[in-house]
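In what follows, a single structure is set out as C-alpha coordinates and then discussed.
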Amino acid sequence: MTSSGTNTGGLVGSAAWELLLPAASSPPRARGRALQAALREAIRSGRLAPGTRLPSSRDLAADLGVSRGLVTEAYEQLTAEGYLRSGRGAGTWVGDAVRAARPPARDLAPRAPGTRADFVPGTPDLSLFPRTAWAAVQRAVLAELPHHDLGYPDPRGLPRLRTALAGLLTRRRGVVADPERIVVVSGVAQASALVGSVLHARGMRTIGVEDPGSPQHDGLYAAAGLRTVPLPLDEDGLALEPLRASGARAVVTTPAHQYPTGIAYSAARRAELLDWARSVDGLVLEDDYDGDFRYDRAPVGALQGLDPERVAYMGSASKSLAPGLRLGWLLVPAALTEEVVERKRTTDLGHPSLDQALFAHFVERGDYDRQLRRCQRAYRERRDTLVAALAEHVPEARVSGIAAGLHAIAELPERYGPEDDFVERVADAGIAVRPLGACTRARTGDGRVRLVLGYAHLAPTRIRAGVRILAEALAG
(Lines give C-alpha, C1' and ligand atoms only; values in the text may rest on other atoms or scores of the structure.)
Protein backbone atom coordinates (compact mmCIF):
# COMPACT_ATOMS: atom_id res chain seq x y z
CA MET A 1 0.00 0.00 0.00
CA THR A 2 1.33 3.46 -0.86
CA SER A 3 1.65 6.13 1.75
CA SER A 4 1.80 9.93 1.63
CA GLY A 5 4.01 9.98 4.68
CA THR A 6 1.23 11.16 6.98
CA ASN A 7 0.11 7.68 8.15
CA THR A 8 1.17 6.60 11.62
CA GLY A 9 0.65 2.96 12.56
CA GLY A 10 -2.51 0.90 12.25
CA LEU A 11 -3.83 0.78 8.73
CA VAL A 12 -0.52 0.64 6.83
CA GLY A 13 1.26 -1.73 4.53
CA SER A 14 -0.63 -4.88 3.63
CA ALA A 15 -2.98 -4.58 6.60
CA ALA A 16 -5.40 -2.28 4.80
CA TRP A 17 -5.33 -4.50 1.74
CA GLU A 18 -6.19 -7.60 3.80
CA LEU A 19 -8.96 -5.85 5.72
CA LEU A 20 -10.60 -3.84 2.99
CA LEU A 21 -9.88 -5.51 -0.34
CA PRO A 22 -12.87 -7.91 -0.07
CA ALA A 23 -15.11 -4.88 0.43
CA ALA A 24 -13.56 -3.13 -2.56
CA SER A 25 -14.29 -6.23 -4.65
CA SER A 26 -18.00 -6.18 -3.81
CA PRO A 27 -20.60 -5.39 -6.48
CA PRO A 28 -20.61 -1.64 -7.24
CA ARG A 29 -23.94 -0.92 -5.56
CA ALA A 30 -22.90 -2.70 -2.36
CA ARG A 31 -19.31 -1.49 -2.28
CA GLY A 32 -19.87 1.53 -0.04
CA ARG A 33 -21.81 -0.42 2.60
CA ALA A 34 -19.24 -3.23 2.46
CA LEU A 35 -16.36 -0.80 3.01
CA GLN A 36 -18.12 0.77 5.98
CA ALA A 37 -18.84 -2.65 7.47
CA ALA A 38 -15.22 -3.76 7.03
CA LEU A 39 -13.93 -0.64 8.78
CA ARG A 40 -16.38 -1.06 11.65
CA GLU A 41 -15.37 -4.68 12.14
CA ALA A 42 -11.67 -3.80 12.09
CA ILE A 43 -12.24 -1.21 14.83
CA ARG A 44 -14.51 -3.45 16.93
CA SER A 45 -12.09 -6.37 16.75
CA GLY A 46 -9.15 -4.25 17.85
CA ARG A 47 -7.19 -4.64 14.60
CA LEU A 48 -7.49 -0.86 14.34
CA ALA A 49 -6.73 0.42 17.82
CA PRO A 50 -8.01 3.72 19.24
CA GLY A 51 -5.76 6.55 18.16
CA THR A 52 -4.69 4.94 14.89
CA ARG A 53 -4.44 7.44 12.07
CA LEU A 54 -6.03 6.37 8.79
CA PRO A 55 -4.74 7.14 5.29
CA SER A 56 -6.20 10.12 3.50
CA SER A 57 -9.29 9.42 1.45
CA ARG A 58 -7.26 9.99 -1.73
CA ASP A 59 -4.55 7.48 -0.75
CA LEU A 60 -6.95 4.80 0.45
CA ALA A 61 -9.10 5.15 -2.68
CA ALA A 62 -6.01 4.75 -4.88
CA ASP A 63 -4.83 1.71 -2.97
CA LEU A 64 -8.22 -0.02 -3.14
CA GLY A 65 -9.05 1.01 -6.70
CA VAL A 66 -12.31 2.73 -5.74
CA SER A 67 -13.56 6.28 -6.06
CA ARG A 68 -12.42 8.87 -3.56
CA GLY A 69 -16.04 9.82 -2.96
CA LEU A 70 -16.82 6.30 -1.75
CA VAL A 71 -14.00 6.45 0.83
CA THR A 72 -14.97 9.99 1.88
CA GLU A 73 -18.56 8.86 2.42
CA ALA A 74 -17.37 5.88 4.52
CA TYR A 75 -15.18 8.14 6.67
CA GLU A 76 -18.02 10.62 7.18
CA GLN A 77 -20.51 7.91 8.11
CA LEU A 78 -18.21 6.24 10.66
CA THR A 79 -17.28 9.65 12.09
CA ALA A 80 -20.98 10.37 12.63
CA GLU A 81 -21.38 7.01 14.37
CA GLY A 82 -18.40 7.61 16.67
CA TYR A 83 -16.02 5.05 15.25
CA LEU A 84 -13.73 7.71 13.76
CA ARG A 85 -12.79 11.29 14.63
CA SER A 86 -11.39 13.95 12.37
CA GLY A 87 -10.30 17.55 12.39
CA ARG A 88 -9.71 20.08 9.65
CA GLY A 89 -6.19 19.54 8.41
CA ALA A 90 -5.47 16.95 11.10
CA GLY A 91 -6.50 13.79 9.28
CA THR A 92 -8.82 10.94 10.31
CA TRP A 93 -8.25 8.81 13.40
CA VAL A 94 -9.84 5.81 15.09
CA GLY A 95 -12.00 7.12 17.93
CA ASP A 96 -12.13 6.01 21.55
CA ALA A 97 -15.80 4.94 21.67
CA VAL A 98 -15.26 1.24 20.98
CA ARG A 99 -13.41 -0.52 23.77
CA ALA A 100 -13.98 -4.27 23.42
CA ALA A 101 -14.07 -6.82 20.65
CA ARG A 102 -17.40 -8.44 19.94
CA PRO A 103 -17.58 -11.66 22.00
CA PRO A 104 -18.19 -14.91 20.15
CA ALA A 105 -21.71 -16.33 20.30
CA ARG A 106 -22.04 -19.11 22.86
CA ASP A 107 -24.32 -22.10 22.58
CA LEU A 108 -26.17 -22.58 25.89
CA ALA A 109 -28.44 -25.35 24.65
CA PRO A 110 -28.73 -28.11 27.28
CA ARG A 111 -26.50 -31.04 26.39
CA ALA A 112 -24.49 -33.71 28.13
CA PRO A 113 -21.08 -33.46 26.42
CA GLY A 114 -18.41 -36.06 26.78
CA THR A 115 -20.65 -38.87 28.02
CA ARG A 116 -20.33 -42.52 27.07
CA ALA A 117 -24.01 -43.09 27.83
CA ASP A 118 -26.64 -40.35 28.16
CA PHE A 119 -29.89 -41.43 29.83
CA VAL A 120 -31.05 -37.93 30.81
CA PRO A 121 -34.78 -37.75 29.94
CA GLY A 122 -36.73 -35.12 28.08
CA THR A 123 -35.42 -35.25 24.51
CA PRO A 124 -37.05 -37.09 21.61
CA ASP A 125 -35.10 -38.67 18.77
CA LEU A 126 -34.44 -35.61 16.62
CA SER A 127 -33.31 -37.81 13.73
CA LEU A 128 -36.97 -38.85 13.36
CA PHE A 129 -37.92 -35.32 12.32
CA PRO A 130 -39.71 -35.70 8.96
CA ARG A 131 -37.48 -33.44 6.93
CA THR A 132 -38.74 -34.52 3.49
CA ALA A 133 -42.42 -34.19 4.33
CA TRP A 134 -41.80 -30.92 6.20
CA ALA A 135 -39.94 -29.44 3.22
CA ALA A 136 -42.73 -30.49 0.85
CA VAL A 137 -45.34 -28.85 3.06
CA GLN A 138 -43.22 -25.73 3.39
CA ARG A 139 -43.03 -25.35 -0.40
CA ALA A 140 -46.77 -25.88 -0.73
CA VAL A 141 -47.59 -23.35 1.98
CA LEU A 142 -45.27 -20.70 0.55
CA ALA A 143 -46.94 -21.14 -2.84
CA GLU A 144 -50.51 -20.86 -1.55
CA LEU A 145 -50.33 -18.62 1.54
CA PRO A 146 -52.34 -15.40 1.04
CA HIS A 147 -50.31 -12.22 1.46
CA HIS A 148 -52.50 -11.02 4.31
CA ASP A 149 -51.60 -14.09 6.37
CA LEU A 150 -48.06 -12.73 6.63
CA GLY A 151 -49.30 -9.79 8.67
CA TYR A 152 -49.82 -9.76 12.42
CA PRO A 153 -51.96 -12.84 13.18
CA ASP A 154 -54.87 -13.31 15.52
CA PRO A 155 -53.06 -13.70 18.87
CA ARG A 156 -54.90 -17.00 19.36
CA GLY A 157 -53.40 -18.32 16.13
CA LEU A 158 -54.46 -18.72 12.50
CA PRO A 159 -58.08 -19.94 12.27
CA ARG A 160 -56.91 -22.70 9.94
CA LEU A 161 -54.49 -24.11 12.51
CA ARG A 162 -56.91 -23.77 15.43
CA THR A 163 -59.52 -25.65 13.43
CA ALA A 164 -57.02 -28.39 12.52
CA LEU A 165 -55.88 -28.66 16.15
CA ALA A 166 -59.46 -28.88 17.39
CA GLY A 167 -60.08 -31.87 15.14
CA LEU A 168 -56.76 -33.51 16.05
CA LEU A 169 -57.13 -33.10 19.82
CA THR A 170 -60.75 -34.20 19.84
CA ARG A 171 -59.94 -37.32 17.85
CA ARG A 172 -56.69 -38.33 19.54
CA ARG A 173 -56.97 -36.99 23.10
CA GLY A 174 -60.71 -36.81 23.74
CA VAL A 175 -60.75 -33.11 24.63
CA VAL A 176 -63.67 -30.75 24.18
CA ALA A 177 -62.01 -28.49 21.62
CA ASP A 178 -63.60 -25.22 20.58
CA PRO A 179 -61.29 -23.49 18.05
CA GLU A 180 -62.26 -20.15 19.59
CA ARG A 181 -60.64 -21.23 22.87
CA ILE A 182 -57.43 -22.66 21.44
CA VAL A 183 -54.34 -20.45 21.70
CA VAL A 184 -51.25 -21.36 19.68
CA VAL A 185 -48.16 -20.91 21.87
CA SER A 186 -44.42 -21.53 21.81
CA GLY A 187 -44.62 -24.66 23.90
CA VAL A 188 -46.04 -25.65 27.28
CA ALA A 189 -43.69 -23.20 29.01
CA GLN A 190 -45.42 -20.23 27.42
CA ALA A 191 -48.85 -21.78 28.00
CA SER A 192 -48.02 -22.12 31.69
CA ALA A 193 -46.70 -18.56 31.87
CA LEU A 194 -49.83 -17.14 30.23
CA VAL A 195 -52.23 -18.94 32.54
CA GLY A 196 -50.02 -18.24 35.56
CA SER A 197 -49.94 -14.51 34.86
CA VAL A 198 -53.72 -14.39 34.46
CA LEU A 199 -54.21 -16.25 37.75
CA HIS A 200 -51.86 -13.78 39.44
CA ALA A 201 -53.81 -10.85 37.99
CA ARG A 202 -56.94 -12.42 39.50
CA GLY A 203 -55.36 -12.41 42.93
CA MET A 204 -53.88 -15.89 43.24
CA ARG A 205 -50.42 -16.10 44.78
CA THR A 206 -49.83 -19.87 45.04
CA ILE A 207 -50.14 -22.82 42.70
CA GLY A 208 -49.84 -26.50 43.55
CA VAL A 209 -47.38 -28.72 41.73
CA GLU A 210 -46.82 -32.47 41.82
CA ASP A 211 -43.98 -33.67 44.01
CA PRO A 212 -42.04 -35.29 42.46
CA GLY A 213 -42.55 -33.21 39.34
CA SER A 214 -40.82 -31.07 36.75
CA PRO A 215 -37.85 -29.17 38.23
CA GLN A 216 -38.71 -26.20 35.99
CA HIS A 217 -42.00 -25.35 37.69
CA ASP A 218 -40.55 -23.19 40.46
CA GLY A 219 -38.84 -20.73 38.14
CA LEU A 220 -41.59 -20.78 35.54
CA TYR A 221 -44.40 -19.86 37.90
CA ALA A 222 -42.24 -17.53 39.99
CA ALA A 223 -41.81 -15.44 36.84
CA ALA A 224 -45.62 -15.15 36.75
CA GLY A 225 -45.68 -14.09 40.41
CA LEU A 226 -46.86 -17.41 41.84
CA ARG A 227 -45.26 -19.46 44.60
CA THR A 228 -45.30 -23.20 43.96
CA VAL A 229 -46.61 -25.52 46.70
CA PRO A 230 -45.25 -29.10 46.38
CA LEU A 231 -47.98 -31.72 46.77
CA PRO A 232 -47.29 -35.43 47.27
CA LEU A 233 -48.53 -38.31 45.14
CA ASP A 234 -49.84 -41.74 46.02
CA GLU A 235 -50.45 -44.77 43.81
CA ASP A 236 -53.58 -43.16 42.28
CA GLY A 237 -52.13 -39.74 41.50
CA LEU A 238 -52.11 -36.43 43.32
CA ALA A 239 -53.05 -36.95 46.98
CA LEU A 240 -56.22 -34.99 47.70
CA GLU A 241 -55.92 -34.31 51.43
CA PRO A 242 -52.63 -32.37 51.14
CA LEU A 243 -54.14 -30.49 48.19
CA ARG A 244 -57.17 -29.46 50.21
CA ALA A 245 -54.99 -28.47 53.15
CA SER A 246 -52.66 -26.37 50.97
CA GLY A 247 -55.19 -23.62 50.33
CA ALA A 248 -54.17 -23.54 46.65
CA ARG A 249 -56.93 -23.04 44.09
CA ALA A 250 -54.87 -24.04 41.06
CA VAL A 251 -52.72 -27.11 40.50
CA VAL A 252 -50.47 -28.38 37.69
CA THR A 253 -50.86 -32.06 36.82
CA THR A 254 -49.66 -34.70 34.34
CA PRO A 255 -52.50 -37.22 34.73
CA ALA A 256 -52.03 -39.31 31.56
CA HIS A 257 -48.42 -40.19 32.43
CA GLN A 258 -47.14 -38.48 35.54
CA TYR A 259 -43.69 -36.97 35.25
CA PRO A 260 -41.46 -38.42 36.52
CA THR A 261 -42.98 -41.39 38.41
CA GLY A 262 -44.64 -42.79 35.28
CA ILE A 263 -48.00 -43.58 36.92
CA ALA A 264 -51.37 -42.79 35.35
CA TYR A 265 -54.03 -41.18 37.51
CA SER A 266 -56.82 -43.61 38.35
CA ALA A 267 -60.35 -42.88 37.16
CA ALA A 268 -61.46 -42.28 40.76
CA ARG A 269 -58.63 -39.80 41.41
CA ARG A 270 -59.38 -37.91 38.20
CA ALA A 271 -62.99 -37.50 39.31
CA GLU A 272 -61.95 -36.45 42.82
CA LEU A 273 -59.54 -33.87 41.44
CA LEU A 274 -62.29 -32.28 39.39
CA ASP A 275 -64.65 -32.31 42.38
CA TRP A 276 -61.97 -30.43 44.33
CA ALA A 277 -61.65 -27.82 41.55
CA ARG A 278 -65.41 -27.23 41.53
CA SER A 279 -65.56 -26.98 45.32
CA VAL A 280 -62.93 -24.20 45.53
CA ASP A 281 -63.77 -22.46 42.24
CA GLY A 282 -60.33 -23.59 41.13
CA LEU A 283 -58.42 -24.64 38.05
CA VAL A 284 -56.45 -27.73 37.00
CA LEU A 285 -53.63 -27.15 34.51
CA GLU A 286 -53.20 -30.37 32.55
CA ASP A 287 -49.78 -30.84 30.95
CA ASP A 288 -50.36 -33.58 28.36
CA TYR A 289 -46.66 -33.70 27.48
CA ASP A 290 -46.55 -37.24 26.03
CA GLY A 291 -50.17 -38.38 26.09
CA ASP A 292 -50.02 -39.83 22.57
CA PHE A 293 -47.39 -42.39 23.51
CA ARG A 294 -48.93 -45.37 25.31
CA TYR A 295 -47.60 -48.81 24.40
CA ASP A 296 -49.66 -51.39 26.28
CA ARG A 297 -53.12 -50.08 25.39
CA ALA A 298 -54.89 -47.13 23.81
CA PRO A 299 -53.96 -43.84 25.51
CA VAL A 300 -56.28 -42.63 28.26
CA GLY A 301 -58.17 -39.53 27.19
CA ALA A 302 -57.29 -36.12 28.55
CA LEU A 303 -58.71 -34.96 31.87
CA GLN A 304 -60.02 -31.83 30.13
CA GLY A 305 -62.68 -33.86 28.34
CA LEU A 306 -64.44 -34.48 31.67
CA ASP A 307 -64.78 -30.80 32.61
CA PRO A 308 -63.52 -28.25 30.06
CA GLU A 309 -64.50 -25.34 32.33
CA ARG A 310 -62.20 -26.47 35.15
CA VAL A 311 -59.19 -27.66 33.15
CA ALA A 312 -56.70 -25.68 31.08
CA TYR A 313 -55.19 -28.18 28.63
CA MET A 314 -51.57 -27.77 27.42
CA GLY A 315 -49.65 -29.71 24.81
CA SER A 316 -46.93 -29.32 22.20
CA ALA A 317 -45.11 -30.86 19.26
CA SER A 318 -41.86 -31.02 21.25
CA LYS A 319 -41.92 -34.79 21.81
CA SER A 320 -43.46 -35.74 18.47
CA LEU A 321 -41.52 -33.43 16.14
CA ALA A 322 -38.83 -31.32 17.82
CA PRO A 323 -38.63 -28.93 20.77
CA GLY A 324 -36.75 -26.46 18.59
CA LEU A 325 -39.97 -25.74 16.66
CA ARG A 326 -41.36 -24.01 19.78
CA LEU A 327 -44.89 -24.96 18.80
CA GLY A 328 -47.66 -25.82 21.24
CA TRP A 329 -51.30 -25.26 22.10
CA LEU A 330 -53.37 -24.14 25.04
CA LEU A 331 -57.09 -24.90 25.39
CA VAL A 332 -58.55 -22.46 27.90
CA PRO A 333 -61.79 -22.49 29.92
CA ALA A 334 -64.28 -19.93 28.64
CA ALA A 335 -63.97 -17.78 31.78
CA LEU A 336 -60.23 -17.28 31.17
CA THR A 337 -60.09 -17.09 27.38
CA GLU A 338 -60.33 -13.34 26.91
CA GLU A 339 -57.67 -12.59 29.52
CA VAL A 340 -55.29 -15.27 28.24
CA VAL A 341 -55.66 -14.05 24.65
CA GLU A 342 -54.98 -10.47 25.68
CA ARG A 343 -51.91 -11.59 27.63
CA LYS A 344 -50.71 -13.48 24.56
CA ARG A 345 -51.22 -10.36 22.45
CA THR A 346 -49.14 -8.17 24.73
CA THR A 347 -46.46 -10.84 25.13
CA ASP A 348 -45.50 -11.39 21.49
CA LEU A 349 -48.30 -10.23 19.14
CA GLY A 350 -48.94 -13.83 18.14
CA HIS A 351 -47.07 -16.94 17.04
CA PRO A 352 -45.23 -16.79 13.65
CA SER A 353 -47.90 -17.11 10.98
CA LEU A 354 -45.77 -19.02 8.47
CA ASP A 355 -44.99 -21.72 11.06
CA GLN A 356 -48.67 -21.95 11.90
CA ALA A 357 -49.76 -22.32 8.29
CA LEU A 358 -47.13 -24.99 7.75
CA PHE A 359 -48.19 -27.03 10.77
CA ALA A 360 -51.87 -26.68 9.85
CA HIS A 361 -51.16 -28.12 6.41
CA PHE A 362 -49.04 -30.86 8.00
CA VAL A 363 -51.95 -31.86 10.24
CA GLU A 364 -54.62 -31.57 7.54
CA ARG A 365 -52.97 -33.91 5.06
CA GLY A 366 -52.28 -36.60 7.67
CA ASP A 367 -48.52 -36.13 7.98
CA TYR A 368 -48.73 -35.46 11.71
CA ASP A 369 -50.68 -38.67 12.38
CA ARG A 370 -48.07 -40.60 10.40
CA GLN A 371 -45.30 -38.96 12.41
CA LEU A 372 -47.01 -39.89 15.70
CA ARG A 373 -47.31 -43.52 14.58
CA ARG A 374 -43.65 -43.55 13.52
CA CYS A 375 -42.51 -42.16 16.87
CA GLN A 376 -44.72 -44.53 18.80
CA ARG A 377 -43.23 -47.58 17.05
CA ALA A 378 -39.69 -46.32 17.64
CA TYR A 379 -40.18 -45.35 21.28
CA ARG A 380 -42.01 -48.56 22.14
CA GLU A 381 -39.09 -50.58 20.73
CA ARG A 382 -36.64 -48.49 22.73
CA ARG A 383 -38.53 -48.89 25.98
CA ASP A 384 -38.66 -52.65 25.42
CA THR A 385 -34.93 -52.61 24.69
CA LEU A 386 -34.20 -50.69 27.90
CA VAL A 387 -36.27 -53.05 30.03
CA ALA A 388 -34.64 -56.12 28.44
CA ALA A 389 -31.13 -54.70 28.77
CA LEU A 390 -31.67 -53.90 32.46
CA ALA A 391 -33.02 -57.41 33.03
CA GLU A 392 -29.90 -58.86 31.39
CA HIS A 393 -27.16 -56.63 32.81
CA VAL A 394 -28.70 -55.21 36.01
CA PRO A 395 -31.22 -57.91 36.99
CA GLU A 396 -31.74 -56.37 40.41
CA ALA A 397 -33.20 -53.22 38.87
CA ARG A 398 -36.99 -52.86 39.11
CA VAL A 399 -38.70 -50.87 36.36
CA SER A 400 -41.91 -49.12 37.41
CA GLY A 401 -44.55 -46.94 35.78
CA ILE A 402 -46.88 -47.62 32.88
CA ALA A 403 -45.53 -48.54 29.44
CA ALA A 404 -45.70 -45.06 27.99
CA GLY A 405 -43.80 -41.91 27.16
CA LEU A 406 -40.11 -41.25 26.74
CA HIS A 407 -38.73 -42.34 30.12
CA ALA A 408 -38.93 -45.10 32.72
CA ILE A 409 -38.17 -45.31 36.44
CA ALA A 410 -35.55 -47.87 37.48
CA GLU A 411 -35.02 -48.62 41.17
CA LEU A 412 -31.81 -50.22 42.38
CA PRO A 413 -31.15 -52.02 45.67
CA GLU A 414 -30.18 -49.99 48.71
CA ARG A 415 -26.57 -51.13 48.62
CA TYR A 416 -25.93 -48.96 45.52
CA GLY A 417 -26.93 -45.80 47.38
CA PRO A 418 -27.15 -43.21 48.62
CA GLU A 419 -28.49 -41.68 45.44
CA ASP A 420 -26.19 -38.65 45.25
CA ASP A 421 -23.10 -40.83 45.69
CA PHE A 422 -24.35 -43.21 43.02
CA VAL A 423 -24.88 -40.39 40.48
CA GLU A 424 -21.39 -39.05 41.15
CA ARG A 425 -19.88 -42.51 40.76
CA VAL A 426 -21.51 -43.26 37.42
CA ALA A 427 -20.74 -39.74 36.17
CA ASP A 428 -17.06 -40.52 36.71
CA ALA A 429 -17.61 -43.50 34.40
CA GLY A 430 -19.09 -41.22 31.71
CA ILE A 431 -22.77 -42.02 32.33
CA ALA A 432 -25.33 -39.21 32.51
CA VAL A 433 -28.49 -40.02 34.50
CA ARG A 434 -31.16 -38.06 36.34
CA PRO A 435 -32.00 -39.31 39.83
CA LEU A 436 -35.59 -39.18 40.98
CA GLY A 437 -34.36 -37.10 43.89
CA ALA A 438 -33.61 -34.24 41.48
CA CYS A 439 -37.35 -34.00 40.79
CA THR A 440 -38.66 -34.07 44.37
CA ARG A 441 -38.65 -31.90 47.48
CA ALA A 442 -39.52 -34.83 49.75
CA ARG A 443 -36.15 -36.55 50.09
CA THR A 444 -36.72 -39.86 51.86
CA GLY A 445 -33.17 -40.58 52.88
CA ASP A 446 -33.92 -44.29 52.60
CA GLY A 447 -30.70 -45.00 50.69
CA ARG A 448 -32.43 -46.34 47.60
CA VAL A 449 -31.39 -45.30 44.10
CA ARG A 450 -34.21 -44.40 41.74
CA LEU A 451 -33.34 -43.22 38.26
CA VAL A 452 -35.43 -41.41 35.65
CA LEU A 453 -34.02 -43.03 32.52
CA GLY A 454 -34.69 -41.36 29.19
CA TYR A 455 -34.52 -43.64 26.16
CA ALA A 456 -36.36 -41.97 23.27
CA HIS A 457 -33.28 -40.17 21.93
CA LEU A 458 -31.16 -43.34 21.90
CA ALA A 459 -31.06 -46.01 19.20
CA PRO A 460 -31.56 -49.56 20.54
CA THR A 461 -27.87 -50.36 20.05
CA ARG A 462 -26.88 -47.35 22.15
CA ILE A 463 -29.39 -48.29 24.85
CA ARG A 464 -27.92 -51.78 25.15
CA ALA A 465 -24.36 -50.41 25.16
CA GLY A 466 -25.27 -47.76 27.73
CA VAL A 467 -26.86 -50.25 30.11
CA ARG A 468 -23.81 -52.51 29.76
CA ILE A 469 -21.55 -49.57 30.68
CA LEU A 470 -23.82 -48.80 33.64
CA ALA A 471 -23.55 -52.42 34.80
CA GLU A 472 -19.77 -52.28 34.54
CA ALA A 473 -19.74 -49.10 36.63
CA LEU A 474 -21.90 -50.78 39.26
CA ALA A 475 -19.65 -53.83 39.34
CA GLY A 476 -16.57 -51.64 39.70
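Taking all protein chains as present, what is the carbon and sulfur share of the accessible area of the chain, in % to the nearest whole number, probe 1.4 Å?
Within the chain, the accessible surface is 52 percent carbon and sulfur.
Determine by what factor the alpha-carbon radius of gyration of segment 147-275 differs from 2.2 N^0.38 Å, reporting the quotient.
For segment 147-275, the normalised Cα radius of gyration is 1.20.
Please sort 463-473, 285-295, 81-91 by packing, taking for each peptide the average over its residues of neighbouring beta carbons within 10 angstrom, highest first.
Details: 463-473: 19.5, 285-295: 22.8, 81-91: 13.0.
Those peptides, ordered most packed to least, come out 285-295, 463-473, 81-91.
Give me the angle, in degrees from 0 to 90, between the Cα long axis of helix 188-201 and the longest principal axis of the Cα atoms of the chain, rounded to the nearest 10.
80
Between residue 246 and residue 275, what is the FRET efficiency for a Förster distance of 22 Å, r being their Cβ-Cβ separation, to the nearest 0.05? Walk me through the intermediate numbers first.
Values: r = 16 Å, r/R0 = 0.73.
Plugging the Cβ-Cβ distance into 1/(1 + (r/R0)^6) gives 0.85.
Set the Förster radius R0 to 25 Å, insert the Cβ-Cβ distance between residue 468 and residue 380 as r into 1/(1 + (r/R0)^6), and round the FRET efficiency to 0.05.
Working: r = 22 Å, r/R0 = 0.86.
With a Förster radius of 25 Å, E is 0.70.
For residue 295 and residue 429 in the same chain, what is the full-extension length gain: residue separation times 0.36 nm, less their Cα-Cα distance, in nm?
Contour length minus Cα-Cα distance gives 45.0 nm.
Using only DSSP helix segments of four residues or longer, with each worth -39500 (n - 2.57), what per-residue ellipticity at 222 nm results for the chain after dividing by its residue count and rounding to 500?
-13500 deg cm²/dmol
For residue 88 and residue 147, compute 0.36 nm times the residue count separating them, minus their Cα-Cα distance, and round to one decimal in nm. If you can, show how the numbers build up before the last one.
Details: separation 59, 0.36 × 59 = 21.24 nm, distance 5.25 nm.
Extra length from residue 88 to residue 147 when fully extended: 16.0 nm.
Can you list the equivalent-ellipsoid semi-axes of segment 261-389, largest first and in whole Å, using the square root of 5 times each Cα gyration tensor eigenvalue?
Working: eigenvalues 150, 120, 26 Å².
That gives 27, 24, 11 Å for the three semi-axes.
Provide the per residue accessible area, probe 1.4 Å, for the chain, rounded to a whole number of square angstrom.
Ligands and nucleic acids excluded, the result is 46 Å² per residue.
Under the definition of Cα pairs under 8 Å and six or more residues apart, what whole-number percent is the relative contact order of the chain?
17 percent.
Which order, highest average first, do 252-264, 47-59 follow once you tally other Cβ atoms within 10 Å for each residue and take the mean per peptide?
Descending mean neighbour count gives 252-264, 47-59.
What FRET efficiency comes out for residue 73 versus residue 107 if R0 is 22 angstrom and r is the Cβ-Cβ distance? Round to the nearest 0.05. Don't skip to the end; give the middle numbers.
On the way: r = 38 Å, r/R0 = 1.72.
For R0 = 22 Å, the calculated efficiency reads 0.05.
If you put +1 on each Lys and Arg Cβ and -1 on each Asp and Glu Cβ, how big is the dipole of the chain around its Cα centre, in Debye rounded to 20?
So the dipole magnitude of the chain works out to roughly 1380 debye.
Where does each of 303-313, 35-45, 239-249 land if you order them by average Cβ count within 10 Å, highest first? Please report the intermediate quantities before stating the final value.
On the way: 303-313: 21.8, 35-45: 19.1, 239-249: 15.5.
Per-residue mean Cβ counts within 10 Å order the peptides as 303-313, 35-45, 239-249.
How far, in degrees from 0 to 90, does helix 353-364 lean away from the longest principal axis of the Cα atoms of the chain, to the nearest 10?
Helix 353-364 sits roughly 40 degrees off the main axis of the chain.
Amide H of residue 263: which non-local residues (sequence gap of 5 or more, or other chain) have their own amide H closer than 5 Å, using H built in the peptide plane?
Amide H neighbours of residue 263, under 5 Å, 5+ apart: 258, 402.
State the volume of the convex hull built on the alpha-carbon positions of segment 381-476, expressed per residue in Å³ and rounded to an integer.
Per residue, the Cα convex hull of segment 381-476 comes to 94 Å³.
Tell me the angle of helix 14-24 to the major Cα principal axis of the chain, expressed in degrees between 0 and 90 and rounded to the nearest ten.
The helix 14-24 is inclined about 70 degrees to the chain.
The values are calculated or read from the model by the stated rules, or taken from the named source; none is laboratory data. Please read all numbers here as calculations on a predicted model, not as lab measurements. Don't worry about glycine lacking a Cβ; one is built from the backbone with ideal geometry, like all the others, and counts go over all protein chains shown. Each accessible area value is taken on the protein alone, full model and side chains, heavy atoms only, with ligands, DNA and RNA left out. Shrake-Rupley method; radii C 1.70, N 1.55, O 1.52, S 1.80 Å.
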